[in-house]
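> Quick one: the structure is below, questions incoming.
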Amino acid sequence: MLRFLTAGESHGKGLVVIIEGLPAGLPVTVGDVQSELARRRLGYGRGPRMRFEEDEVTLLGGVRHGRTLGSPLAIEVGNSEWVRSDKWHEEMSPAPGATKAPLTEPRPGHADLAGMQKYGFDDARDVLERASARETAARVAAGAVAKLLLGQLGISILSHVVQLGPVTAKSTVQPTPDDLGRIDTSEVRCFDPDAEAAMIEEIKAAAKDGDSLGGICEVLAYGVPVGLGSHVHWDRKLDAMLAQALMSIQAVKAVEIGEGFDVAGRRGSAAHDPIHWDDAYVRESNLAGGLEGGMTNGEVVWARAAMKPLATLNRPVLTTVDVVTKEETVSFKERTDVTAVPAMGVVAETMMALVLAGEALRKFGGDSLPELVRNRDGYVQSLG
Ligand code: EPS
């Protein structure tokens, strides 16, 4: 089983992720992790921090001479802001002390108020530092390794933005792994060039108003063999695991597997993917998103994740209450992004990669990469 755990706060010295359960012999380099992190920093509408944040990567353990050892893999993602200035050193110091500027006006839509009440904090920073989407940098570092593992099994994952604010991509053609380069060069990671221009205009307009935008990303996995996941228990159903993984991304409020919402309005005769035989089982369509009964069915696995507009606004207008005075006020202003939807797609790839890598390891097992691949090959051959 593949497990991972992240630690670290948004404006601290850095983030750490430990990944456990990888087989020995998987080639991994700092560059592999750095290039995924660079993809996550892309995207029109990101705030000033993304222009200087460099995500300094160190492989702390689990890799020797460019290959995994089968031991826990630990990756540090340093915050370059911590190194280039002392702005956060006192505010985020682990040494005993107190802040001179507690944040007492929780932002509606953020974790601030519920977290302050739950943990007994009187400074919203004690909550927001960990709730911040900065944590996704550590996840993406783990996801980079999961993608390397999946690559060895012939599985590749990509994502694209299908809606940003009110602008939706009109094209119904789903991109393939060959299209990823083109998607990554789009400033909003959109596959539909007409929608791309309108999305950028929408971001410019929201930025002018000091407002924020949400949107929807689609994430697809190609080359997934039939039979990952299981129908036998609720917590082994792969669609359920994917839904949790995608929903756990900061600010995501809805997840759809395949055409889940659309098929709810159809008749059963038009809501499923007919099966044919052409030297192998083939489907007329893939409304199910490659998942039936909680198992992969050999088709492309695909899902969508919807992100709400970020709760931090550059022009604070949302009413809140000062937790000390109980006076009504507007939530505080922080340096922020107008939208992080393009980056969310890269994080969605990461979460899908980690779930699929975990299930591939569960099904095929093995302590080394050659053993894993051998087991996978034997299974695929047995399918005929
Ligand atoms: C975030 C606010 C912004 C984002 C940050 C998430 O950071 P700051 O307040 O320091 O400008 O840039 O995201 C990242 C740093 C990142 O790497 O994704 C928030 O409030 O969640």
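The values are calculated or read from the model by the stated rules, or taken from the named source; none is laboratory data. This one's a predicted model, so the numbers in the text were calculated from it and none came from an experiment. Every residue, glycine among them, receives a Cβ derived from its backbone with ideal geometry; neighbour counts consider all protein chains shown. Ligands, DNA and RNA are excluded from the accessible area calculation, which covers all protein heavy atoms including side chains. Shrake-Rupley method; radii C 1.70, N 1.55, O 1.52, S 1.80 Å.
> Quick one: what pairs do we get from the stretch 1-20, first residue over 16 Å from Glu53 (Cα atoms) and of a type in the set (Phe, Trp, Tyr), second outside any loop (DSSP other than H, G, I, E, B) and within 16 Å of the ligand (Cβ to nearest atom), C-beta under 7 Å, 6+ apart or different chains?
Phe4/Val17; Phe4/Ala142
> Please enumerate the residues belonging to the stretch 310-346 that are in contact (Cβ under 8 Å) with a residue 40 or more places away in the chain, within 11 Å of the ligand (Cβ to nearest atom) and open to solvent by 70 Å² or more (accessible area, probe 1.4 Å).
The one that is in contact (Cβ under 8 Å) with a residue 40 or more places away in the chain, within 11 Å of the ligand (Cβ to nearest atom) and open to solvent by 70 Å² or more (accessible area, probe 1.4 Å): Arg335.
> Pairs, please: C-beta under 6 Å, at least 6 apart or cross-chain, first residue closer than 20 Å to Glu129 by Cα and in the stretch 67-83, second surrounded by fewer than 16 Cβ atoms within 10 Å (Cβ to Cβ)?
Glu76/Thr58; Glu76/Leu60
> Sticking with this structure for a sec: Can you work out which of the residues in the stretch 53-67 that are outside any strand (DSSP E or B) and more than 10 Å from the ligand (Cβ to nearest atom) is most open to solvent (accessible area, probe 1.4 Å)?
That would be His65.
> Taking only pairs six or more apart or across chains, which ones have beta-carbon atoms under 8 Å, a first residue in the stretch 271-296 that is at positive phi, and a second residue that is open to solvent by 60 Å² or more (accessible area, probe 1.4 Å)?
These pairs meet every condition: Gly293/His231; Gly293/Lys237; Gly294/His231; Gly294/Arg236; Gly294/Lys237.
> Among the residues of the stretch 362-384, count how many are of a type in the set (Asp, Glu) and surrounded by 13 or more Cβ atoms within 10 Å (Cβ to Cβ).
So the answer is 1.
> I'm trying to understand the selection: among the residues of the stretch 73-111, which are surrounded by fewer than 12 Cβ atoms within 10 Å (Cβ to Cβ) and assigned to a helix (DSSP H, G or I)?
Result: Arg84, single match.
> Tell me, which residue of the stretch 25-49 that is open to solvent by less than 30 Å² (accessible area, probe 1.4 Å) and more than 18 Å from the chain's Cα centre (by Cα) is nearest to Lys208 (Cα to Cα)?
The residue in question is Gly47.
> Something else: Please work out which residue is farthest from the ligand (Cβ to nearest atom), limiting yourself to the stretch 245-288 and to residues that are exposed (fewer than 13 other Cβ atoms within 10 Å of the Cβ) and assigned to a helix (DSSP H, G or I).
For the stretch 245-288, the residue satisfying everything is Ser269.
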